[in-house]
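Asker: Mind looking over this structure? Questions follow.
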Amino acid sequence: QKKKLLEELGQNRLPYVTPADATFHQLWKTKYSKLIFRKSDTVPEELHQVVQEGFLTLRKHNCFFQDLVRIKGKDFVTPVSRILIGNPGCTYKYLNTRLFTVPWPTEGYDIKYCSPEVQDACKALIRLNDYLHIEAVKALQGQNLFETKEIKDPAVIDREQDFSPSPMEKGSVSKDQSSCSVQEDDYLSLKNRTSYNLTLLNYMDPLQMLYLKQEPYFGMGNMAVSWHHDENLVERSTVAVYSYSCEGSAVEEGNEQTLEGRDPAVWHVGLKVAWDIETPGLAIPLHQGDFYLMLDDLNMTHQHCVLAGFPPRFSSTHRVADCSRGTLEYIYAQCELALQNLQTDPDSMALSLKSLETAVIKQVEEIHNEVEFEWLRQFWFQGKRYLKCTDWWLKPMAKLEEFWRKMEIMTSLVFSELGKEERIKEQRNETISCFLLVLTERQKLRKEWTAR
């Protein structure tokens with residue numbers, strides 16, 4: 001209601017601060033302490049080189065694509081172009097669009113890339129992934145130690161926090177590990193919440209965009225990505241973002257901040273406390289090779305946006321995606337569960353259903369819908385573009401299509417069985433009622449996908 005009122009009254013100029021403001025460090029310490037920022041000089045130069053070369057290679061091979069996403073029943077094309085790279089068989093879903101990973105080199109998997117250059121790019125990104133995982137674990141350990149020290153010594157709260165604090169360089173806090181060590185269970189929890197299984201790569205050239213939406217609340221300027229929480233993540237997992245804006249000398253030299261607020265030529269990440277119109281927002285500049293970490297529950301308690309600068313920019317956003325329903329292993333298991341109800345006569349080879357219990361029919365038909373609308377249609381709608389990188393997904397999709405065809409036969413067998421008069425009327429009506437609900441949903445979704 002506050003958000004709507006602000007929009008209606010046109011009071012869309014809430015305060016925000018940048019690192020140049022005197023209040024920035026205190027605000028960051030009190031309201032944004034779970035944001036960790038690292039400047040590029042903290043990252044090994046050789047890692048910068050291979051990762052940035054990887055970005056440029058993927059762009060050269062036309063591997064970045066704008067997504068067609070669905071918001072409140074309407075389709076929108078994203079201004080940012082993306083590609084998903086990660087563990088083989090993983091997917092990531094956002095705004096009703098499922099992306100399929102271009103698998104990075106993984107032991108035990110036969111992955112053929114369209115070129116050695118693309119393979120090298122994927123190798124570089126898994127190296128960056130490993131590096132950011134280690135940095136995130138250290139950051140969480142450091143923060144836990146720092147919070148423990150604050151409880152013991154409240155005076156520490158008044159200490160001025162660095163804009164780019166290193167969690168392992170907090171004086172007595174990180175050195176006194178003998179008195180406040182992180183327990184093994186805590187370490188495993190931190191490790192699991194930072195074990196990134198994929199990265200969503202983004203690319204945008206603002207000068208090629210006809211229109212960019214203006215940041216509506218603080219007057220921060222052009223947005224490449226609107227305010228949001230990242231979706232489909234393991235609870236309290238860290239998000240790590242590596243930024244590479246293709247800044248030339250002209251942009252670098254013109255970075256002197258002469259206007260109030262953020263420099264419009266430089267890319268920034270914006271943060272605000274979710275549903276809070278009183279706490280000032282932050283706008284933090286992003287230069288070549290900088291990265292930041294959103295620790296613990298920051299992604300849920302706060303929202304972030306990306307503010308466009310002038311040069312083209314790549315970013316690699318590493319996530320612990322919730323893949324409980326988003327891996328090949330999962331959907332294969334679902335298919336095998338459904339097909340347990342299909343049997344073949346050894347003599348005639350005729351197909352029939354083992355059970356006509358309502359619960360069994362319902363479960364099979366819901367899996368049928370899941371395979372069709374969450375996997376097959378999602379892949380063939382946008383997934384063919386991944387052939388520019390690798391054909392890895394073609395065999396799994398062929399296998400899923402075979403499962404789907406068998407489930408289509410099972411649906412026909414249900415129709416046939418329900419038409420037989422000898423079935424008990426009450427049981428038959430119950431099964432028909434449940435069956436029709438799933439089929440109605442299937443028909444509705446097929447019409448939606450056809451329209452798209």
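Asker: Looking only at the range 184-215, count every residue that is touching a helix residue (DSSP H, G or I) at 6+ places or on another chain (Cβ under 7 Å), of a type outside the set (Gly, Ala, Ser) and either without any contact (Cβ under 8 Å) to a residue 24 or more places away in the chain or in a loop (DSSP other than H, G, I, E, B) (or both) and tell me the total.
Answerer: Adding up the residues that qualify gives 3.
Asker: Scan the range 227-259 residue by residue and report those that are in a loop (DSSP other than H, G, I, E, B), at pLDDT below 65 and either buried (at least 19 other Cβ atoms within 10 Å of the Cβ) or of a type in the set (Asp, Glu) (or both).
Answerer: 256 - this is the single residue of the range 227-259 that is in a loop (DSSP other than H, G, I, E, B), at pLDDT below 65 and either buried (at least 19 other Cβ atoms within 10 Å of the Cβ) or of a type in the set (Asp, Glu) (or both).
Asker: I'd like the residue in the range 384-393 that is crowded, with 17+ Cβ neighbours inside 10 Å and not hydrophobic (A, V, I, L, M, F, W, C) and, out of all such residues, is farthest from residue 65 (Cα to Cα).
Answerer: Among them, the one singled out is 390.
Asker: Out of the residues in the range 105-138 that are of a type in the set (Lys, Arg) and outside any loop (DSSP other than H, G, I, E, B), state the one that is nearest to residue 35 (Cα to Cα).
Answerer: Out of the qualifying residues, it is 138.
Asker: Here is a list: 138, 74, 123, 60. Which entry is within 20 Å of residue 380 (Cα to Cα) and basic (Lys, Arg)?
Answerer: 74
Asker: Give me the residue from the range 350-383 that is in a helix (DSSP H, G or I) and charged (D, E, K, R) and, out of that set, nearest to residue 64 (Cα to Cα).
Answerer: Filtering the range 350-383 down to residues in a helix (DSSP H, G or I) leaves 358-383.
If we keep only those that are charged (D, E, K, R) too, we end up with 362, 365-366, 370, 372, 374, 377.
Numbers: 362: 39, 365: 35, 366: 33, 370: 27, 372: 25, 374: 22, 377: 20 Å.
Among residues in the range 350-383 that are in a helix (DSSP H, G or I) and charged (D, E, K, R), the one nearest to residue 64 (Cα to Cα) is 377.
Asker: Also, quick follow-up: Consider residue 83 carefully, then state whether it is open to solvent by 10 Å² or more (accessible area, probe 1.4 Å) and β-branched (Val, Ile, Thr).
Answerer: no
Asker: Restricting to the range 358-401, give me the number of residues that are in contact (Cβ under 8 Å) with a residue 12 or more places away in the chain and within 22 Å of residue 436 (Cβ to Cβ).
Answerer: 17
Asker: Which of (1) aliphatic (A, V, I, L, M); (2) crowded, with 22+ Cβ neighbours inside 10 Å; (3) more than 26 Å from the chain's Cα centre (by Cα) is the odd one out, the single condition residue 337 does not satisfy?
Answerer: Single failed check for residue 337: (2).
Asker: Answer yes if at least one residue in the range 46-54 is at pLDDT 95 or above, touching a Cys at 6+ places or on another chain (Cβ under 8 Å) and under 26 Å from residue 231 (Cβ atoms), and no otherwise. First the steps, then the outcome.
Answerer: Our first condition is that a residue be at pLDDT 95 or above; within the range 46-54, this holds for 46-54.
With the extra rule that they be touching a Cys at 6+ places or on another chain (Cβ under 8 Å), the set shrinks to 54.
Those still in the list that are under 26 Å from residue 231 (Cβ atoms) too: 54.
Within the range 46-54, one or more residues are at pLDDT 95 or above, touching a Cys at 6+ places or on another chain (Cβ under 8 Å) and under 26 Å from residue 231 (Cβ atoms).
Asker: For the range 315-344, which positions are out of contact with any strand residue (DSSP E or B) (no Cβ under 7 Å at 6 or more places or on another chain) and not in a helix (DSSP H, G or I)?
Answerer: Within the range 315-344, the subset out of contact with any strand residue (DSSP E or B) (no Cβ under 7 Å at 6 or more places or on another chain) is 324-325, 328-340.
324, 325, 340 - these are the residues of the range 315-344 that are out of contact with any strand residue (DSSP E or B) (no Cβ under 7 Å at 6 or more places or on another chain) and not in a helix (DSSP H, G or I).
Asker: Could we say that residue 320 is crowded, with 22+ Cβ neighbours inside 10 Å and either within 30 Å of residue 203 (Cβ to Cβ) or outside the structural domain of residue 396 (by the TED database) (or both) here?
Answerer: Details: crowded, with 22+ Cβ neighbours inside 10 Å: yes; either within 30 Å of residue 203 (Cβ to Cβ) or outside the structural domain of residue 396 (by the TED database) (or both): yes.
The answer is yes for residue 320.
Asker: Let me ask something additional. Mind checking whether some residue in the range 290-303 is free of Cβ contacts under 8 Å to residues at least 12 places away in the same chain, in a strand (DSSP E or B) and not basic (Lys, Arg)?
Answerer: The answer is no; no qualifying residue exists.
Asker: For the range 271-282, name all the residues that are within 23 Å of residue 236 (Cα to Cα) and either part of a strand (DSSP E or B) or among the acidic types (Asp, Glu) (or both).
Answerer: Hits for the range 271-282 are 271, 272, 273, 276, 281, 282.
Asker: To continue, here is another question. Do we find that residue 339 is in contact (Cβ under 8 Å) with a residue 60 or more places away in the chain and under 27 Å from residue 109 (Cα atoms) in this structure?
Answerer: In short, yes.
Asker: Next up: Whether any residue in the range 116-127 is modelled with pLDDT under 95 and small (Gly, Ala, Ser) is what I want to check.
Answerer: no
Asker: Condition (residue is open to solvent by less than 20 Å² (accessible area, probe 1.4 Å), assigned to a helix (DSSP H, G or I) and over 25 Å from residue 356 (Cα atoms)) applied to the range 394-412: is it met by at least one residue?
Answerer: The answer is yes; a qualifying residue exists.
The values are calculated or read from the model by the stated rules, or taken from the named source; none is laboratory data. Bear in mind that the values here come from a model prediction, so they are computed numbers and not experimental data. Reconstructed Cβ throughout: ideal geometry from the backbone, glycine too, with neighbour counts over all protein chains shown. For accessibility, only protein heavy atoms count, side chains too; no ligands or nucleic acids. Shrake-Rupley method; radii C 1.70, N 1.55, O 1.52, S 1.80 Å.
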